[in-house]
Amino acid sequence: MRRILSALLLLALVGGSALAAEDKAEPKKKGKASEHKLTQSVSWVEMDDFYTTIVGDGHATGMLMVRLGLDIPDAGLRDGATRAMPVLRDAFLRSLMTFTATNVRLDTQPDVAVIADRLQGVTDRALNRKGARVLLRQVALRAK
């Protein structure tokens, strides 16, 4: 038992001094951490996933997940969309909740064309003009 403890103590001391040497040799970068980008396109605006509840027989039976992004080539509109992101997210979520409540069941695949058209209309209304394209990346159902 003493050998194991001695070996662990020695390892901790050697490891600690090696880490201290690394810290001195390479100063830590301050600022923003690197983020994973899906694409190198400047016009792409990534959005978080949306989840809505599928209700059947008076209780939750599953979830609808929609993953999407916006393609906005116009820099001015892209800047406006970035500033209006809370409004866009709220409008998307409300539209998807209504769609899920009235059209989505676990026994049939949801119509992705209808979802894309709904979200495109929401985008055009929220930004007060056309020019931002909604691109669906994934639509999935999950049963409880």
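Any read-out appearing in this document is the output of simple, stated calculations on the displayed coordinates, not a laboratory observation. No experiment lies behind these values; they were computed from the predicted model shown. All Cβ positions, glycine included, derive from the backbone under ideal geometry; neighbour counts span all protein chains shown.
Brief remarks follow.
- Contour excess over end-to-end distance, with Cα ends at Ser41 and Ala143 and 0.36 nm allotted per residue: 33.2 nm
- Label positions at Ala84 and Asn103, each projected 7 Å from the Cα along the C-beta direction, are separated by 2.2 nm.
- Label-to-label distance for Leu93 and Asn128 is 2.4 nm, based on points extended 7 Å past Cα in the beta-carbon direction.
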